[in-house]
Amino acid sequence: MTILIDTLIAQARLTAHRGDGCSYELFVARFTQEIDRHAARLAPHEGAALMAKADEQGDDIDPEEQAALFTGCCAHGIDFGCCPAGCDDADDADDESDPEWLEAQNALIAEWEAEEERARLEQIAARDDRVLDIVDSIRSTGRLVA
């Protein structure tokens, strides 16, 4: 089980680093989201072990810590007025009814959903590979090899 937990943590780190823009705040928020997502798909005792190991390593944060990390920062974890995406730009009215803002927000949400779907499909493919290995083992030996 240790190998599974270490693999899931490594996978969560890779996923969280994609698009984090070297922002620790954004990395830990995405890392925590990935760990929570993986833990939800495991058996309860395995999920608890995964979350405990991630917490032990220090990059998994609770909602209160996340709120504190983003104090004075935009959603990307960058100080207001310094984000290359234009968050809290002086020229920006920051009006959520602005069609350009809504379009950008929807594009970002669609990107996150696509990443989650890719991760889900990768997990399904890995599970299918394990099942096919077991089937091949049964066919070649005539008995189940665990």
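Of the candidates P84, P63, the single residue that is open to solvent by 40 Å² or more (accessible area, probe 1.4 Å) and over 17 Å from the mean Cα position of the chain (by Cα) is P84. Which of the residues spanning the stretch 5-35 are hydrophobic (A, V, I, L, M, F, W, C) and either buried (at least 16 other Cβ atoms within 10 Å of the Cβ) or at pLDDT below 85 (or both)? Scanning the stretch 5-35 gives I5, L8, I9, A12, A16, C22, L26, F27, V28, A29, F31, I35.
Confirm whether H45 is over 18 Å from W112 (Cα atoms), assigned to a helix (DSSP H, G or I) and of a type outside the set (G, A, S). Criteria met by H45.
For the stretch 49-72, the set of residues classified as at pLDDT 75 or above and not in a loop (DSSP other than H, G, I, E, B) consists of A49, L50, M51, A52, K53, A54, D55, E56, Q57, E64, E65, listed by residue number.
Filtering the stretch 89-114 to residues that are at pLDDT below 85, at negative phi and either β-branched (V, I, T) or not in a helix (DSSP H, G or I) (or both) leaves D89, A90, D91, D92, A93, D95, E96, S97, D98.
The values are calculated or read from the model by the stated rules, or taken from the named source; none is laboratory data. Owing to the predicted nature of the structure, the values given are computational and were not obtained by experimental measurement. Every residue, glycine as well, gets a Cβ built from its backbone with ideal geometry; the counts of neighbours run over all protein chains shown. The accessibility values were calculated without ligands, DNA or RNA, using every heavy atom of the protein model including side chains. Shrake-Rupley method; radii C 1.70, N 1.55, O 1.52, S 1.80 Å.
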